[in-house]
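The values are calculated or read from the model by the stated rules, or taken from the named source; none is laboratory data. Since this is a predicted model, take the numbers as computed values, not measurements. Cβ: placed from backbone, ideal geometry, glycine included. Neighbour counts: every protein chain shown.
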């Protein structure tokens, strides 16, 4: 922690030391605090979506309202021009371990979790943590390590998401009522549907074909599931996505042909049999494709001509070189270009103003809340750091409405550190992810691996159905990048073939090596079985005085495990995979370094992600879907926010993001987070007080 | 065979190229197309030392000459690839061409020949990554570069003829 912190404004921060000289900090107006209409913590998709929605909706009010908005980003600014963005692509290409965060360097002051840091805490016989695994940013208390990461940088984790944009299924909103599991949401699919449409059209830009969405639990008719109430835009309510579907990969088509007619049969409790007809379904994605009439794809930030359509760079995770894949920089860029934070020039109409400040670490939510009572947020205190040897500068800003949009885990640690919005005791609890089981094999034929987006299709059959009352649902993602995820291919394939580790003599080289690689690499494929995790209060983010980062911020201390409900689906996913591989003609078990068609799936016990169930070991990876730390609900006793993501305790505070989701379903959560953020944005726009934020004096030293 | 090519055969970078052709299964034109012959040559000299590289290239030149006369690859195999001295370097060199990364030499090699500061696992350059031969051997393209274009992933795969 920096001892010589510089404080530039008053407020409730008097307990911190005030030393050093005031240089380059945020200059408050007239010695007071800067005031905005809205202060948003977090420059990712949720915060950007709220800002854009509020601005656009408030402008339609009568009289129009043009809010002034501040977005505080804890991490570094990234790139708002194509040439600077290219340096991140270069950084990825030069990275030794090409993990999701590899293109985006962390700062010392805003550390970020990294999948390379995942290790297993040592647990005592009584189930308590003996030695936490704290070698990374997270402090892992176990018994299992939380296996996902996120990016702390402007643009957030959309910088390295895959782009999958599946809506939740209707039953995902009523898990308790339908299956006696988890909790119901305070809103239904039908209520969220118009916001899904806006997320797909106005924020992300989604490519898909309604007719190819073969989901269970929608009455067998995708058109009905997608049917829109917006008949002005979609005549007769016949919905279509803004862009045509991304073509399915050659691998998808190969698997579809080979598995045609396959029905997977799985045995449940009490000998009950469940059947799942396998149908391969093209996946909706936030990746530019051929637009439908009236839609304009959004290209790269600062170079709109680039990224108009996916070019097949095969690196959606961790970076799309052309930005054909949506990232939140696109929305932020639109905001700062359209709504610069300055007075209107002569002849200009009044409009909203957006200021984005990176390297500003929110350190406290100032508030008046007393235990078990409602209160008001009175400011956000943040530290502006420079990482140049000078101390961070502290400032407090005030607003009419405050929004936390800093990722589920960061929202939770900030609220816990601030002792805010937690009379329910639920802040930090119900942490969820999609525990992900990988299976992989070598096909008999060249299926063209290592080409195209990371995934273009899935098998939705297991996403809903009566089995959810006894074991968790799962989504099946077909991967287009060979064994890149499970076996670090093509690297390890080359190591295997060249060999010579013990002998110092290359086993294969020259034309023989080249030919053999051509026989193996394009035949590799893998499937990810992404299990729905149920909310458990013991899976939680906490804070601990002993674990702080260099700015003195609390590091996330995480307790994490898989429930019996989740674990019971591990053998199901493994068995479904076995039946599928059998049909593909690769049922035989084979192991590297031998290469012939077969099932290469293996889960060794010495992996940090090993989970044992019923005597069998599995590897359970994280999916990067960090969900559920400030769940929404109607009852303030058992939830943190309401259906609009408004804090029950602090009514001028909205806590947005995946953390609000009460259950996870089997959809990658970003699309749902975006739909919820739009709904929140509408709500804030309708309720903004009519006065305008006090304008600060211009900075003298700016 | 022209006289110019014959006279160049003792040029170390020509030897390096001919050796690389035999090790990778890619011909001179394909390797030149990566733009990396000189960079990889420099990398080899830098990472194993100039004296050791000189010995390796000398042995390779002699073996390649013998193989040209005998129309087989026996001399290269027995005198270079299976050599205790050169074998480990050959493995790293193959991987350098295929993956664009340098993989360190084994401790037993370093015990005899010493090691350089750069002899640790690293991506040699972004270009070396992009031009890694493994991608074309797979009928693909480097992840994150040389995008084959819209919808290419739906087309039937094809391997460039070796």
Being without any contact (Cβ under 8 Å) to a residue 12 or more places away in the chain and either buried (at least 22 other Cβ atoms within 10 Å of the Cβ) or within 14 Å of another protein chain (Cβ to nearest Cβ) (or both) narrows it down to one of A:488, A:484, A:480, so name that one.
A:488
Segment B:153-162, subset at the interface with another protein chain (Cβ under 7 Å from one of its Cβ atoms) and either in contact (Cβ under 8 Å) with a residue 12 or more places away in the chain or crowded, with 19+ Cβ neighbours inside 10 Å (or both), residue farthest from residue A:483 (Cα to Cα)
B:162
Any idea which of (1) away from every other protein chain (no Cβ under 14 Å); (2) in contact (Cβ under 8 Å) with a residue 24 or more places away in the chain; (3) more than 20 Å from residue A:512 (Cα to Cα); (4) part of a helix (DSSP H, G or I) is the one residue B:69 doesn't satisfy?
(2)
Within segment A:514-526, can one find any residue that is away from chain B (no Cβ under 14 Å), crowded, with 19+ Cβ neighbours inside 10 Å and either in contact (Cβ under 8 Å) with a residue 24 or more places away in the chain or closer than 27 Å to residue A:573 by Cα (or both)?
yes
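Pick from A:430, A:446: which is in contact (Cβ under 8 Å) with a residue 60 or more places away in the chain, part of a loop (DSSP other than H, G, I, E, B) and closer than 30 Å to residue B:100 by Cα? Steps first, please.
Details: A:430 fails: closer than 30 Å to residue B:100 by Cα.
Criteria check complete, one pass: A:446.
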In segment B:6-35, how many are crowded, with 18+ Cβ neighbours inside 10 Å and out of contact with any helix residue (DSSP H, G or I) (no Cβ under 7 Å at 6 or more places or on another chain)?
1
Strands (runs of 3 or more DSSP E) lying entirely in segment A:327-408 (those with 3 or more residues that are in contact with a strand residue (DSSP E or B) (Cβ under 6 Å, 6 or more places away or on another chain), without any contact (Cβ under 8 Å) to a residue 24 or more places away in the chain and crowded, with 22+ Cβ neighbours inside 10 Å):
none
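Restricted to segment A:497-507, and to residues that are farther than 12 Å from residue B:95 by Cβ and more than 7 Å from chain B (Cβ to nearest Cβ), which residue is surrounded by the most Cβ atoms within 10 Å (Cβ to Cβ)?
Keep residues of segment A:497-507 that are farther than 12 Å from residue B:95 by Cβ, which gives A:502-505, A:507.
Keeping just the survivors that are more than 7 Å from chain B (Cβ to nearest Cβ) gives A:502-503, A:507.
Numbers: A:502: 7, A:503: 13, A:507: 16.
Going through the qualifying residues, I end up with A:507.
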Could you go through segment B:132-146 and let me know if any residue there is in a loop (DSSP other than H, G, I, E, B), at the interface with chain A (Cβ under 7 Å from one of its Cβ atoms), at positive phi and over 18 Å from the mean Cα position of the chain (by Cα).
yes
Can you tell me which residue within segment B:105-124, out of those that are in a loop (DSSP other than H, G, I, E, B) and within 7 Å of chain A (Cβ to nearest Cβ), is nearest to residue A:322 (Cα to Cα)?
B:121
Any chance you could count how many residues in segment A:130-174 are part of a helix (DSSP H, G or I) and closer than 30 Å to residue A:227 by Cα?
5
Which of (1) modelled with pLDDT under 95; (2) more than 14 Å from the chain's Cα centre (by Cα); (3) in a loop (DSSP other than H, G, I, E, B) is the odd one out, the single condition residue A:100 does not satisfy?
(2)
Subset of segment A:199-239 [buried (at least 21 other Cβ atoms within 10 Å of the Cβ) and in a helix (DSSP H, G or I)]
A:199, A:200, A:203, A:204, A:226
Flag for residue A:123 being surrounded by fewer than 24 Cβ atoms within 10 Å (Cβ to Cβ) and farther than 30 Å from residue A:350 by Cβ
yes
Just give me the residues in segment B:82-104 being out of contact with any strand residue (DSSP E or B) (no Cβ under 9 Å at 6 or more places or on another chain), more than 8 Å from chain A (Cβ to nearest Cβ) and assigned to a helix (DSSP H, G or I), in sequence order.
B:89, B:93, B:97
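Do you know which of the residues in segment A:267-285 that are part of a strand (DSSP E or B) and more than 14 Å from chain B (Cβ to nearest Cβ) is farthest from residue A:105 (Cα to Cα)? Give the steps one after another, and end with the answer.
Just the residues of segment A:267-285 that are part of a strand (DSSP E or B), to begin with: A:267, A:273-277, A:281-282, A:285.
Filter once more, keeping what is more than 14 Å from chain B (Cβ to nearest Cβ): A:267, A:273-277, A:281.
Numbers: A:267: 47, A:273: 50, A:274: 47, A:275: 47, A:276: 44, A:277: 44, A:281: 36 Å.
Only one residue tops the list, namely A:273.
If you check residue A:197 against the conditions, is it within 14 Å of chain B (Cβ to nearest Cβ) and either in contact with a helix residue (DSSP H, G or I) (Cβ under 7 Å, 6 or more places away or on another chain) or more than 17 Å from residue A:465 (Cα to Cα) (or both)?
Details: within 14 Å of chain B (Cβ to nearest Cβ): no; either in contact with a helix residue (DSSP H, G or I) (Cβ under 7 Å, 6 or more places away or on another chain) or more than 17 Å from residue A:465 (Cα to Cα) (or both): yes.
For residue A:197, the condition - within 14 Å of chain B (Cβ to nearest Cβ) and either in contact with a helix residue (DSSP H, G or I) (Cβ under 7 Å, 6 or more places away or on another chain) or more than 17 Å from residue A:465 (Cα to Cα) (or both) - is not met.
Here are some residues: B:52, B:62. Which one is away from chain A (no Cβ under 12 Å), in a helix (DSSP H, G or I) and within 17 Å of residue B:9 (Cβ to Cβ)? Let's see the steps before the verdict.
Working: B:52 fails: within 17 Å of residue B:9 (Cβ to Cβ).
So the residue among B:52, B:62 that is away from chain A (no Cβ under 12 Å), in a helix (DSSP H, G or I) and within 17 Å of residue B:9 (Cβ to Cβ) is B:62.
From the list B:144, B:149, B:139, which residue is surrounded by fewer than 22 Cβ atoms within 10 Å (Cβ to Cβ) and farther than 22 Å from residue A:508 by Cβ?
Going through B:144, B:149, B:139 in turn, the sole match is B:149.
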Looking only at segment A:287-318, which residues are in contact with a helix residue (DSSP H, G or I) (Cβ under 6 Å, 6 or more places away or on another chain) and outside any loop (DSSP other than H, G, I, E, B)?
A:300, A:303
Within segment B:82-91, can you find the residues that are without any contact (Cβ under 8 Å) to a residue 24 or more places away in the chain and surrounded by fewer than 24 Cβ atoms within 10 Å (Cβ to Cβ)?
B:82, B:84, B:87
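Could you check segment A:286-318 and list, in sequence order, the residues that are touching a residue at least 40 places away in the same chain (Cβ under 8 Å), at the interface with chain B (Cβ under 9 Å from one of its Cβ atoms) and either surrounded by fewer than 23 Cβ atoms within 10 Å (Cβ to Cβ) or out of contact with any strand residue (DSSP E or B) (no Cβ under 9 Å at 6 or more places or on another chain) (or both)?
So the first thing to find is which residues in segment A:286-318 are touching a residue at least 40 places away in the same chain (Cβ under 8 Å), and the list is A:286-292, A:295, A:297-298, A:300-303, A:306, A:310, A:312, A:314-318.
With at the interface with chain B (Cβ under 9 Å from one of its Cβ atoms) added as a condition, the list becomes A:289-290, A:310, A:312, A:314-315, A:318.
A:290, A:312, A:314, A:315, A:318, listed by residue number.
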Would you confirm whether or not segment A:564-571 contains a residue that is modelled with pLDDT of 95 or more and touching a helix residue (DSSP H, G or I) at 6+ places or on another chain (Cβ under 8 Å)?
no
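Return the only residue of A:182, A:127 being free of Cβ contacts under 8 Å to residues at least 60 places away in the same chain, assigned to a loop (DSSP other than H, G, I, E, B) and at positive phi. Walk me through how you get there before you give the answer.
Values: A:182 fails: free of Cβ contacts under 8 Å to residues at least 60 places away in the same chain.
Sole residue among the options that is free of Cβ contacts under 8 Å to residues at least 60 places away in the same chain, assigned to a loop (DSSP other than H, G, I, E, B) and at positive phi: A:127.
If only one of B:66, B:61 is touching a helix residue (DSSP H, G or I) at 6+ places or on another chain (Cβ under 7 Å), modelled with pLDDT of 95 or more, crowded, with 18+ Cβ neighbours inside 10 Å and more than 25 Å from residue A:494 (Cβ to Cβ), which one is it? It would help to see each step written out before you state the result.
Working: B:66 fails: crowded, with 18+ Cβ neighbours inside 10 Å.
It is B:61.
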Enumeration of residues in segment A:456-470 that are surrounded by 24 or more Cβ atoms within 10 Å (Cβ to Cβ) and assigned to a loop (DSSP other than H, G, I, E, B)
A:456, A:463
